[in-house]
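Before any comments, here is the structure.
The values are calculated or read from the model by the stated rules, or taken from the named source; none is laboratory data. Nothing here was measured: the structure is a model prediction, and the numbers come from that model. Virtual Cβ from ideal backbone geometry, glycine too; neighbours counted across all protein chains shown.
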Amino acid sequence: MARSEQGPNKIGRIGLWTTVVTLAVSVWLIAAATDAQAQTFSVIHSFTGGGDGSNPTIGVTLDRGGNLYGGTSLGGNTSEYCGPTCGMVFKMAHAGSGWIYYPLYLFTGQDGAAGGHLIFGPNGSLYGIGGTYAYNLRPPATRCSSFLCEWNDTVDWTFCCGIYSAGGLTFDQAGNMYGADEFAGYINHCSGGLGCGYIFQLVPGSGGWTENVIYEFHGTDGAHPTSGVIVDQAGNLYGTTAGLYGGDGNGNVFELTPSGAGYWNETILYSFQGGSDGEFPTGGVIFDSEGNLYGAASTGGANNGGTVFELTPANGGWSFNLLFSLNGTGLWQGGVTSSLIMDSAGNLYGTESYNGAHNLGSVFKLTHMNGGWRYTSLHDFTGGSDGAYPQGSLVMDSSGNLYGTTFAGGNTGANCSVGYNYQCGVVFEITP
């Protein structure tokens, strides 16, 4: 049963800013490992840890008007349910040559969290998962009389256990939602007594939403789906399992198809071997226009930085193609930990969490040419005002500009991340 949340997290009650305008702060000339390309890198918001929140982990979402939406893991309300703070959802809108930042909703600890990538649903409202909740956010029903108007939050479903999935939710053509929980389930031999994870379906009805657990992992068939799922035109689901704990292997790419009896059947499309193919694909997969799948392994590969791969349908199965081995630090999950994106020309873009020239993360492009792939570094984070440790997937607007977030860096005078001197993170833009 859905319920609405208002009142306790009222924006005006904690004295948030009315406007914050951030302009492009610097221009960088980027030298790539295998290509050189001039890019303009700009920090369009540097979090302060005050009313604007801090330490984003889920990237940003783009609407048709070019506005950005994202969430912070910290900041906002102080609540007994949250620990230090509960986190919040924000919006950024163009303002001349700069941007206006303002908060949309402050979580209370009983209505959600910025734990998974935000998406727009068929009704135009924002949907997300985090904490133990699936929720949607929408503008006030009546015209807003001030610059700052808090959006309304409705909890669509309360899960039995905490949701751990950066991939967020996915809609099918019938309006059902799908997502993943990395550690839930009754098969508890995967992670020190925690579950191996499961894939769920939320079905809308006149009385609200109903949850169906459509597949539960057992360890031998994969474990710990960290990035949600995607849906093809036939309604089949595709995703990855990270296989990080308890001897559950190196991860896999899977497909789920409806069985007709409520539960779904799994087909493992590829199991990682932990060699040159990489291991631990914590990011999800994406389709191209021809039905091929693309993804990344977060570590392993020839250069210890993870890999980028393609799966193509072949002879009733799928063929694995290694596209590129990233240079890395050898750190666990040092490479790509979020889903890639693809432009209209078939080029791939992604972020590396720890790799890059300074071991603080990078943004890269893979260009398909001459039967291979050329790597271009678009930005290597330094840990200063430009940020560090990018989190979440990138988004690209109609002009080819890229947007994303970093968990750390930015406001160098702050200390936002509890227990670490990581500063507060940034929202960035890269223009071609």
- Task: Please determine, by comparing only the residues of segment 216-240 that are buried (at least 24 other Cβ atoms within 10 Å of the Cβ) and modelled with pLDDT under 95, which one is nearest to G262 (Cα to Cα).
- Result: F217
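Looking at this structure, is P56 in contact with a helix residue (DSSP H, G or I) (Cβ under 8 Å, 6 or more places away or on another chain), in a strand (DSSP E or B) and at negative phi?
Numbers: in contact with a helix residue (DSSP H, G or I) (Cβ under 8 Å, 6 or more places away or on another chain): no; in a strand (DSSP E or B): yes; at negative phi: yes.
No; evaluated as a whole, the condition is false for this residue.
When the residues of segment 357-378 are filtered to those that are of a type outside the set (G, A, S) and within 19 Å of the chain's Cα centre (by Cα), which remaining residue is surrounded by the fewest Cβ atoms within 10 Å (Cβ to Cβ)?
Our first condition is that a residue be of a type outside the set (G, A, S); within segment 357-378, this holds for 358-360, 363-370, 373-376, 378.
Still in the running and within 19 Å of the chain's Cα centre (by Cα): 360, 363-365.
Numbers: L360: 24, V363: 25, F364: 25, K365: 22.
Out of the qualifying residues, it is K365.
Based on what the data block shows, is V213 closer than 18 Å to T267 by Cα, surrounded by fewer than 18 Cβ atoms within 10 Å (Cβ to Cβ) and over 21 Å from the mean Cα position of the chain (by Cα)?
Values: closer than 18 Å to T267 by Cα: yes; surrounded by fewer than 18 Cβ atoms within 10 Å (Cβ to Cβ): yes; over 21 Å from the mean Cα position of the chain (by Cα): yes.
So V213 passes the test.
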- Note on the structure: When restricted to S73, S97, S79, the only residue among the polar types (S, T, N, Q) and surrounded by 24 or more Cβ atoms within 10 Å (Cβ to Cβ) is S73
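Could you pull out the residue among A114, A141 that is modelled with pLDDT under 90, surrounded by 19 or more Cβ atoms within 10 Å (Cβ to Cβ) and of a type in the set (A, V, I, L, M)?
Values: A141 fails: surrounded by 19 or more Cβ atoms within 10 Å (Cβ to Cβ).
Going through A114, A141 in turn, just one is modelled with pLDDT under 90, surrounded by 19 or more Cβ atoms within 10 Å (Cβ to Cβ) and of a type in the set (A, V, I, L, M): A114.
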- Within segment 322-341, considering residues that are β-branched (V, I, T) and over 20 Å from Y270 (Cα atoms), the one surrounded by the most Cβ atoms within 10 Å (Cβ to Cβ): I341
- Scanning segment 398-428 residue by residue, the ones that are touching a residue at least 40 places away in the same chain (Cβ under 8 Å) and touching an Asp or Glu at 6+ places or on another chain (Cβ under 9 Å) total 10
- Message: Here is a list: G66, G124, G130. Which entry is touching a Lys or Arg at 6+ places or on another chain (Cβ under 8 Å) and either at pLDDT below 95 or farther than 22 Å from A180 by Cβ (or both)?
- Response: G124
- Residues of segment 296-329 classified as among the small types (G, A, S), within 24 Å of G425 (Cα to Cα) and over 20 Å from the mean Cα position of the chain (by Cα), total: 1
- Item | Answer residue from segment 323-352, given it is farther than 15 Å from N401 by Cα, assigned to a loop (DSSP other than H, G, I, E, B) and of a type in the set (G, A, S) and is modelled with the lowest pLDDT among those | G330
- Item | From the options S319, S276, residue that is on the phi < 0 side of the Ramachandran plot, without any contact (Cβ under 8 Å) to a residue 12 or more places away in the chain, surrounded by fewer than 21 Cβ atoms within 10 Å (Cβ to Cβ) and polar (S, T, N, Q) | S319
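Does Y403 satisfy the criteria of being in contact with a strand residue (DSSP E or B) (Cβ under 6 Å, 6 or more places away or on another chain) and either on the phi > 0 side of the Ramachandran plot or in a loop (DSSP other than H, G, I, E, B) (or both)? Give the steps one after another, and end with the answer.
Working: in contact with a strand residue (DSSP E or B) (Cβ under 6 Å, 6 or more places away or on another chain): yes; either on the phi > 0 side of the Ramachandran plot or in a loop (DSSP other than H, G, I, E, B) (or both): no.
For Y403, the condition - in contact with a strand residue (DSSP E or B) (Cβ under 6 Å, 6 or more places away or on another chain) and either on the phi > 0 side of the Ramachandran plot or in a loop (DSSP other than H, G, I, E, B) (or both) - is not met.
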- Note on the structure: Note: among I58, I100, just one is within 20 Å of the chain's Cα centre (by Cα) and among the hydrophobic types (A, V, I, L, M, F, W, C), namely I58
